[in-house]
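Mind having a look at this structure? Questions to follow.
Every read-out reported here was derived from the displayed coordinates using simple, explicitly stated rules and does not represent laboratory data. Computed from a predicted structure; not experimentally measured. Using ideal geometry, Cβ is built from the backbone for each residue, glycine included, and neighbour counts are taken over all protein chains shown.
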Amino acid sequence: MKGILSGIAASLLIILFIYAGLSKLMDYEGFRFQLGRSPYVTGIAGFVAWFMPAAEIIAALLLTFQRTRLFGFYLSFFLMFLFTGYIYAMLHYSPFLPCSCGGVLSAMSWEQHLYFNIFFVLVSLTGALLMASNKSNNIKLQAA
């Protein structure tokens, strides 16, 4: 059961990250421009504009293979936690809310996007915990 649930979590994250990463790359200039308007990343917008989609695609690739899936969950959790923190900061402390998301996600309000991200933080955390639990159980079985 843990394997099935971690597989579902991985699949959801793979779909999210491939979609989000590719949509940013397909509208790279628009994405970079919107990031440049953000009060928190203006100075590093160029770096973030290529780093973010690359990290999303790498996370999706890591989640694809059983051997690297646990690391993929850790990376997914880190990315989603970072993105969620950014959205929270923008909602609560920024006087201006530019939209730097692409595709379907750009149709969400900032608050909806916050809840969406919290859901995926929990998905990545659940996947990591399930995978780590499976690994420790397998190690115990091998030792017995």
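Got a number for residues in segment 6-28 being part of a helix (DSSP H, G or I) and touching a Gly at 6+ places or on another chain (Cβ under 8 Å)?
The total comes to 9.
Could you check segment 47-86 and list, in sequence order, the residues that are farther than 21 Å from residue 36 by Cβ, free of Cβ contacts under 8 Å to residues at least 24 places away in the same chain and aromatic (Phe, Trp, Tyr)?
If the condition is that a residue be farther than 21 Å from residue 36 by Cβ, free of Cβ contacts under 8 Å to residues at least 24 places away in the same chain and aromatic (Phe, Trp, Tyr), then 65, 71, 78 are the ones that fit.
Still on this structure, I have one more. May I ask you to list pairs of residues, at least six apart or on different chains, whose Cβ atoms are under 6 Å apart, with the first in segment 11-27 being closer than 18 Å to residue 66 by Cα and the second being of a type in the set (Asp, Glu) and part of a helix (DSSP H, G or I)?
Note: pairs meeting the criteria are 17/56.
Can you name the number of the only condition in (1) within 20 Å of residue 123 (Cα to Cα); (2) touching a residue at least 24 places away in the same chain (Cβ under 8 Å) that residue 89 fails?
Going through the list (1) within 20 Å of residue 123 (Cα to Cα); (2) touching a residue at least 24 places away in the same chain (Cβ under 8 Å), residue 89 breaks only (1).
Residue by residue, here is whether (1) among the basic types (Lys, Arg); (2) over 21 Å from residue 116 (Cα atoms); (3) more than 10 Å from the chain's Cα centre (by Cα) holds:
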residue	(1), (2), (3)
19	no, no, yes
28	no, yes, yes
35	no, no, yes
62	no, yes, yes
66	no, yes, yes
76	no, no, no
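Might you let me know whether segment 64-74 holds any residue that is touching a Gly at 6+ places or on another chain (Cβ under 7 Å) and within 21 Å of residue 126 (Cα to Cα)?
Yes, segment 64-74 contains a residue that is touching a Gly at 6+ places or on another chain (Cβ under 7 Å) and within 21 Å of residue 126 (Cα to Cα).
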